[in-house]
Each structure stands twice: as structure tokens, then as C-alpha cells.
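A.B. asks: Structure provided below as C-alpha cells; questions to follow.
We did not get these values from a lab; they are worked out from the coordinates using the rules stated. Note that this is a predicted model, so its numbers are computed, not measured. In this analysis, Cβ positions are derived from the backbone assuming ideal geometry, glycine residues included, and neighbour counts consider all displayed protein chains.
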């Protein structure tokens, strides 16, 4: 297991460096001059140049990247161009809000996805199976922004049951979490469905039935437990996708999370905040993949022995 963990950690290092380099280069290819934006419309050319020098944007790109990586390794991501505050003070509170929303969305996705997958697998070729398939297709196909606006229209504008935006109370989590979890519900449901059908056709399940065990015991004790391995893997990966895919949901619901901050920082050409936010999301994704691999290795020791 130690060799397995070490191998995964070593594989993560070039991934994070690659992400940091890609984000750094893409930001500098975006049209627009952050120094001019910060200086303002009435600034002279000399004022813009002074701002550029104070931000270190007048140096060659390789020198800027080396400086960024060196400071990032010590936890220093600089200061925001837009607010002047340390980047971590801008990013970490927003990341906590995104993490809370992603965790709730994942819990919804796992509970509803597994339940619908189990029911549709046990009740194959019935109205339950067809309904679960239809809902899964709708969940994967429907754009996030459209679903979010539709839920806001129905439950906030027409019915007045839930708030439109913000995060002042637990009710503010409901609509964004449902919107964010919809695609993951569909994916987990289909994976649970396919995995359980495969397990139900195994010899040990037929043997348990031949021994006269009740169907509920056969399904829950023998089939579902052995069908969970691919579901755990997909659920772990979905958390990473939920954190990264929260940008649209947070923008629609004005959720004060990292995704919304990322959009605002890109529009303002706030390079330090964008670099830190993307690198934090990439690190989270790598960490989630690592944790998923470890759990998978515990469930199936053959994986960790490879």
C-alpha cells in the first residue's frame, strides 16, 4: 500500500506543474492589459507603466512563472490585483463555500443515484427501469444554467418557497445543490444499475438464491455490497467534477464560492487570484483521485498490489 501511495503522489507532481504552466500561459494570452484596467480609463501611459512595473508584469514570462512557482511552493500566491489583499485571504473562504456546496451535492447524488440504480436494476424492464433511464438521460442532457434558472422560476418566483440567491441559511443550499448534483445523479444511477445487473448474474448470487435466502438479503448482503466498487470510484471522481463544475451554478445563483470568484477574477484580469484558484481546484481534484484510488485499493487489494 505504501508503494501504491508513493506512486500516485509522484504522478501528481507533474500534473500540478502542468496545470500551473497552462493556466499561466493562457492568462497571458487573454486580450487585455491588467495594468491598464487597474490604472483606470483616465491614466496616462506613464501611469500604466508604473502599475505594470509595480505588479512585476514588465518582466519576461519565464521569470514571472519561475517567481510564481517559487512563491507558491511556500504558500505565497501574492496579492490580488483587484483588491490588494493577500490571495489566500480571497480564495480560501470562497473555497470553503464551494466545498460545502459540492459535499451536499455529492450526498444528494449518491443517495438518489444509488437508490434509483438499485431499483431499476432489480425491477428491470418495468416502469421503474424506464423512468430511471429517462430521468438519467434528462439529467445528463439538460444544461446546468437552464436547470438552475428553471428551478429559480418555479420554486422562488412562482411558489416563493425558496430564496433566489445568497447563502444566509440552509435553505439557500437547496436549489444550487440540486442543480449541481443532477448530472452526477444520472451518472451514479447508470453505473449502479450496470454494476448491480452484472453482479446479479454471478454464480454466488444464484447459489444464495438456491439456498433459499430471502431476495432482500440476496440483494443487499451479496449483490449490492459487491457492486459498490465501481460506484465508489465514480462517486469520488464526481466530487472533483462538482468542485470544478460549480462555476456555472455559482454564477446563476450568485453563490459566493470559488467558481464565481474565478469568473470575476478572469474578467478583471486578476492573474494571482485566477492562478491560485485554478491550482487549488487542480490540487483538490488530484487529492480526490488519490483518496479514491486508496479506497478502491482497500476494497480490492489486487489493485494496490499492482
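A.B. asks: Which length gain, in nm to one decimal place, applies between residue 44 and residue 154 when the Cα-Cα distance is subtracted from 0.36 nm times their residue separation?
C.D. replies: Values: separation 110, 0.36 × 110 = 39.60 nm, distance 5.03 nm.
Result for the pair: 34.6 nm of gain on full extension.
A.B. asks: For helix 61-73, report the angle its Cα long axis makes with the longest principal axis of the Cα atoms of the chain; keep it between 0 and 90° and round to the nearest 10°.
C.D. replies: It is inclined by approximately 60 degrees.
A.B. asks: At 7 Å along Cα-to-Cβ for each site, give me the label-to-label distance between residue 263 and residue 9 in nm.
C.D. replies: Output for this residue pair reads 3.8 nm.
A.B. asks: If you don't mind, another one. Using helices alone, I'd like the mean residue ellipticity at 222 nm for the chain: each DSSP H run of four-plus residues gives -39500 (n - 2.57), total over residue count, nearest 500. Can you show the working numbers first?
C.D. replies: On the way: 14 runs with 222 residues, N = 306.
Helices in the chain give a 222 nm mean residue ellipticity of -24000 deg cm²/dmol.
A.B. asks: In what sequence do 211, 71, 79 fall when counting other Cβ within 10 Å, fewest first?
C.D. replies: Least crowded to most crowded, the residues run 211, 71, 79.
A.B. asks: Another question about this same structure. Relative to the longest principal Cα axis of the chain, at what angle does helix 2-29 sit, 0 to 90 degrees, rounded to 10?
C.D. replies: With rounding to tens, the tilt is 40 degrees.
A.B. asks: Moving on. Identify the residues of region 252-279 with backbone N under 19 Å of a label point that sits 7 angstrom from the Cα of residue 142 along the Cα-to-Cβ direction, or state none.
C.D. replies: Within reach of a label on residue 142, which here means backbone N under 19 Å from a point 7 Å along Cα→Cβ, region 252-279 contributes 252-254.
A.B. asks: Can I ask one more? At a Förster radius of 30 Å, what calculated FRET efficiency corresponds to the Cβ-Cβ distance of residue 168 and residue 111, to the nearest 0.05?
C.D. replies: Details: r = 25 Å, r/R0 = 0.84.
Between residue 168 and residue 111 the formula returns 0.75.
A.B. asks: Based on the Cα atoms of region 2-73, what semi-axes does the equivalent ellipsoid have, where each is the square root of 5 times one gyration tensor eigenvalue, given in whole Å with the largest first?
C.D. replies: Calculated on Cα positions only, the semi-axes equal 36, 12, 8 Å.
A.B. asks: So, one more: May I have the convex hull volume per residue, in Å³, for the Cα set of the chain? Don't skip to the end; give the middle numbers.
C.D. replies: Numbers: hull volume 50.7 nm³, N = 306.
About 166 Å³ per residue, rounded to a whole number.
A.B. asks: Then there's this: Please report how far the C-alpha centroid of region 87-110 lies from that of region 260-281, rounded to the nearest whole angstrom.
C.D. replies: Measuring centre to centre over Cα atoms gives 16 Å.
A.B. asks: Under 10 Å, Cα contacts only: if you run a Gaussian network model on the chain, which one of 86, 60, 230 comes out with the highest mean-square fluctuation?
C.D. replies: 60
A.B. asks: Calculated FRET efficiency, residue 36 and residue 61, Cβ-Cβ r, R0 25 Å, to nearest 0.05? Walk me through the numbers on the way to the answer.
C.D. replies: Numbers: r = 18 Å, r/R0 = 0.73.
The pair residue 36/residue 61 has a calculated efficiency of 0.85.
A.B. asks: In nm, give the distance between the simple-model label positions of residue 83 and residue 100, each being 7 Å from the Cα along the Cα-to-Cβ direction.
C.D. replies: A separation of 1.6 nm, rounded to one decimal place.
A.B. asks: Between residue 92 and residue 211, 0.36 nm times their residue separation minus their Cα-Cα distance comes to what?
C.D. replies: Full-extension gain reported as 37.2 nm.
A.B. asks: Here's a follow-up. So what's the angle, to the nearest 10 degrees on a 0 to 90 scale, between helix 271-299 and the longest Cα principal axis of the chain?
C.D. replies: Around 20 degrees separate the two axes.
A.B. asks: Once both labels are modelled 7 Å past Cα along the beta-carbon direction, what's the residue 16-residue 221 spacing in nm?
C.D. replies: If labels sit at residue 16 and residue 221, their model points lie 4.6 nm apart.
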